[in-house]
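Report on one structure; see the data block that follows.
The values are calculated or read from the model by the stated rules, or taken from the named source; none is laboratory data. Because the structure is a prediction, the values reported are computed rather than measured. Please note: Cβ atoms are built from the backbone with ideal geometry, for glycine as well, and neighbour counts cover all protein chains shown.
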Amino acid sequence: MNRIRRISALAAAAALAALPAGAQTIAITGGTVHPVSGGPLENATVLIRDGRIVAVGREVAIPADARRVDARGKVVTPGLIHPASNLGLLEVSSIEATDETDVAGDVTPSFDVSAGINPDNVRIPVARLEGVTSTVVLPGGGFVAGQAAWIGLLGDRREDVIRRAGVALLANLGAAAKGAGGGARARGLARLERLLDDAAEYDRRRADFRRNAIQPLSAPAEELEALLPVLRGERPLYVVANSERDIRNALHLAAERRLRLVLLGAAEGWKVAGELARAGVPVVVNPFQNVPGFDNLGARWDNPALLAEAGVTVVLTESESGGPRNLRWGAGHAVRNGLPWARALEAVTLAPARAFGAGHEAGSLEPGKLADVVVWSGDPFEYATRAELVLIGGREVPAMSRQTELLERYRRLPPQ
Amino acid sequence: MPRWSALLGAGLLAACAGQPAPSQPGPKDAAPATSADRVQYASTYARRPFRPVLIRNATILTAAGPELRNASLLLEDGKVTAIGTALAAPEGAMVVDGSGKFVTPGIIDTHSHLGVYAAPGTFAEGDGNEATNPVTAEVWAEHSIWPQDPQIPLAIAGGVTVIQVLPGSANLIGGRSAVIRLVPARTVQEMKYPGARYGLKMACGENPKRVYRSRGPSTRMGNMAGYRDAFIDAEEYRAKWDKWRAERKGDPPERNLRLESLAGVLRGEILVQNHCYRADEMAQMLDLAREFGFTIRSFHHAVEAYKIADLLAQAGTAASVWADWWGFKMESYDGVPQNAALLQQAGARAIIHSDDEGGIQRLNQEAAKALHAGRQAGLPVTREDAIRWITANPAWALGLEAETGTLEAGKKADVVVWSADPFSVYARAELVFNEGWLVFDRTDPARQLRTDFNLGQAAPGVGR
């Protein structure tokens, strides 16, 4: 199991190194460019070669063989990064045969979703046509659910789309911790602490473990093995926590063991904003969430704004029934509710890239980065705006999806 | 005035469409012969008085014609009394500077479960599906609605003034809907829209056949047989009661609540609101309606409505759709974001509905999404069309088009003042008037409802 995981991680790393070369050099000229790594540039050029950005600025020399894209009057941004989807893993949620997100058992850290990715999943084109160029795909349900993967949203083979497996280990300190704790989340939390301690013990005493000269551990070796990168701080622990109580528990757990923590949900994050900022924990929030439940009575639409104001790194997500295509409007909605526009753009580009260890590869328009680039007809967060050109790894996304084909078939009735 | 409006409401309810109705009182000198002759669960809603309101210099989307620039709107005694350019403020009026702002009718949602699937989302307050029998036409959503649902203030802050609360979609025939005004209330009667006709929730497809798999129906043909059986019984029931009401001879027939609702549909008093995703199934349901001589007022969800937009236009059946929900089950697999725009193009009546406690708070955004998906695909849809998708057309689907849903003199003063073009993602509802009463003011916490549930909770309340 472990070996297989390593191989798939290696394969993914190799795929990343050999990302599909854009067949051509592309120069996007004249647009208002938001590199995100720096302030906006008017009338600037983004130059792309072999799938990577090679230059961004107002004085960029354009090679004669470059395909020119006239972006005058348009807005150029990095491609959006969805931090919490199941694109490629799930096709129709009510049809179990199309769902590769879930496994039996509540402690399955060795479950790596990447081998279940289907690059032909019909939900992928719908998302990328609205400027989502890559996503972190999550395992489903359990308490310690498994490992997320970062995938690009264009490619024919699985190796083409998986950018990195094991970018985070997903755990759930909300309702799932309550269940895993036999009814009380305190017990669930204790169970997670014991798992991490056992993983450390296993790592220290591998020889004793092989000789059976060790007290029984709380999970099989392959599961403990999968926790080690988290213990070493190499892989973030991605924790679902919405209530103030659960957020504090996660902060405490991570601080004690010096884990890298990313929070998902954080509906009541605004109450703990100062601590989250001091701890430097990126927080993935849904700007559409404000309906109270007993795990998130303090949910409010200005949560992203309040977090950002306190200095927290905000990452935006969504869970709309229309799918990840809604990410850009979620960002707009966060702006509507007080998040500064530039912070919102960062929260769907560079902030998620950094949170999942891809800050050197994506999330901004800087030389050397993957050419995930979108040319918008206007403000990317507005409904009236259209993603006119979407590049993923320097390749142009075809303006086609299952939805566009249905539209064309039924544009005139009766269909021909 | 408030009392009068409540009484009028009960009267209207009784006298729908001039047909003999179960609740129509008998001859004046006779005591009611049966409980069916007494008033059934009357509305006690009373319009709250408010001073006149003059909104000046705004862009007004009337939902009844072209948008008006630099225009003014006058509200008095719960009604729109004037709309124009040079209106004078009556004495004591609240004057709103509408510069840079937009004014629309209050948003109407044809498909909500507020109150019947209340927050905080416990089983204890999950009262939306009487999933104990495939046909439960006898249940009424209003008997489940919890007026303290904390989702209600959130919807108000999104500019919603009137909603239809529906039973869920577990059943072939799920029960009667309730049309309510979103105002603070202790009882659902205080929210019931006076005179509004009931809807009957029906559901096609996957849900009923999944829920009743073991006892049936377990197939789509089983679903169809179930509706037909129910309406055959209703025909007989209706004939018996109509005869008795005409003659008043002998004992009244035995009351049957299930058949009473279905007979209401056959008499045209109750409007059919039909959850149905697939085009081919909607066509079957149109045939069912023909068989029994009623019309389906609106399909709901109707993810494939665009495939039969011409048939819907012909049948005069509206389609209440989402902007872009799709793919979460097989019958939603063919969703396209141009659904509403394609319906509009074909001359069918398009409605954007929510079916969701989140979506109901931003129906303007959902309409914007559908509008621009259409425009970007080259379909001929305008802002004037899109505003009707969330106001005038849903008003029609609820049978309230003569009273609300547009800004015209004489209509109810259900009005929203927006900070910007409501089809911008950045727009916020700043003021919401429900029949002339200021139910929400973004700048005034005293005008932001907190339900009993909200008290003493960590929840910050609305307006954020």
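With respect to residue A:257, is the statement that it is surrounded by fewer than 20 Cβ atoms within 10 Å (Cβ to Cβ) and within 14 Å of another protein chain (Cβ to nearest Cβ) true?
In short, no.
Quick one: in the range A:297-323, of everything that is touching a Pro at 6+ places or on another chain (Cβ under 6 Å) and not hydrophobic (A, V, I, L, M, F, W, C), which residue is farthest from the other protein chains (Cβ to nearest Cβ)?
A:313
Go through the range B:344-358 and report how many residues are in contact with a strand residue (DSSP E or B) (Cβ under 9 Å, 6 or more places away or on another chain) and more than 8 Å from chain A (Cβ to nearest Cβ).
Selection size over the range B:344-358: 9.
Can you tell which of A:242, A:290 is within 29 Å of residue A:181 (Cβ to Cβ), surrounded by 24 or more Cβ atoms within 10 Å (Cβ to Cβ) and within 11 Å of chain B (Cβ to nearest Cβ)?
None of the other options fit; the residue is A:290.
Return only the number of the condition from (1) outside any helix (DSSP H, G or I); (2) without any contact (Cβ under 8 Å) to a residue 12 or more places away in the chain that residue B:287 does not satisfy.
Just one mismatch for residue B:287, condition (1).
Only one of these is in contact (Cβ under 8 Å) with a residue 60 or more places away in the chain, crowded, with 20+ Cβ neighbours inside 10 Å and in contact with a Gly (Cβ under 6 Å, 6 or more places away or on another chain): A:117, A:28, A:48. Name it. Full working, then the answer.
On the way: A:117 fails: in contact (Cβ under 8 Å) with a residue 60 or more places away in the chain; A:28 fails: in contact with a Gly (Cβ under 6 Å, 6 or more places away or on another chain).
Of the residues listed, the single one that is in contact (Cβ under 8 Å) with a residue 60 or more places away in the chain, crowded, with 20+ Cβ neighbours inside 10 Å and in contact with a Gly (Cβ under 6 Å, 6 or more places away or on another chain) is A:48.
Given the criteria touching a Lys or Arg at 6+ places or on another chain (Cβ under 6 Å), of a type outside the set (Lys, Arg), surrounded by 19 or more Cβ atoms within 10 Å (Cβ to Cβ) and under 25 Å from residue B:398 (Cα atoms), does residue B:227 qualify?
no
Can you find, within the range B:290-306, the residue that is nearest to the other protein chains (Cβ to nearest Cβ) among those that are surrounded by fewer than 24 Cβ atoms within 10 Å (Cβ to Cβ) and assigned to a helix (DSSP H, G or I)?
B:290
Filter the range B:372-383 down to residues that are buried (at least 20 other Cβ atoms within 10 Å of the Cβ) and more than 7 Å from chain A (Cβ to nearest Cβ) and give me whichever is nearest to residue A:410 (Cα to Cα).
B:374
For the range A:267-284, enumerate the residues that are away from chain B (no Cβ under 14 Å), of a type in the set (A, V, I, L, M, F, W, C) and not in a helix (DSSP H, G or I).
A:281, A:283, A:284, listed by residue number.
The rows are residues; the columns are (1) at the interface with chain B (Cβ under 9 Å from one of its Cβ atoms); (2) out of contact with any Phe, Trp or Tyr (no Cβ under 9 Å at 6 or more places or on another chain); (3) surrounded by fewer than 21 Cβ atoms within 10 Å (Cβ to Cβ).
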position	(1), (2), (3)
A:325	yes, yes, no
A:347	no, yes, no
A:351	no, yes, no
A:354	no, yes, yes
A:365	no, yes, no
A:370	no, yes, no
A:381	yes, no, no
A:390	no, yes, no
A:415	yes, yes, yes
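Hand me the list of helices (runs of 4 or more DSSP H) wholly inside the range A:95-192 holding 3 or more residues that are small (Gly, Ala, Ser).
Those helices (runs of 4 or more DSSP H) span A:175-180.
Under 9 Å by Cβ, and 6 or more places apart or on different chains, what pairs join a residue from the range B:442-460 that is away from chain A (no Cβ under 12 Å) with one that is at pLDDT 90 or above and part of a helix (DSSP H, G or I)?
Once the first residue is away from chain A (no Cβ under 12 Å) and sits in the range B:442-460, its partners that are at pLDDT 90 or above and part of a helix (DSSP H, G or I) give B:448/B:153; B:448/B:156; B:448/B:157; B:449/B:152; B:449/B:153; B:449/B:156; B:449/B:157.
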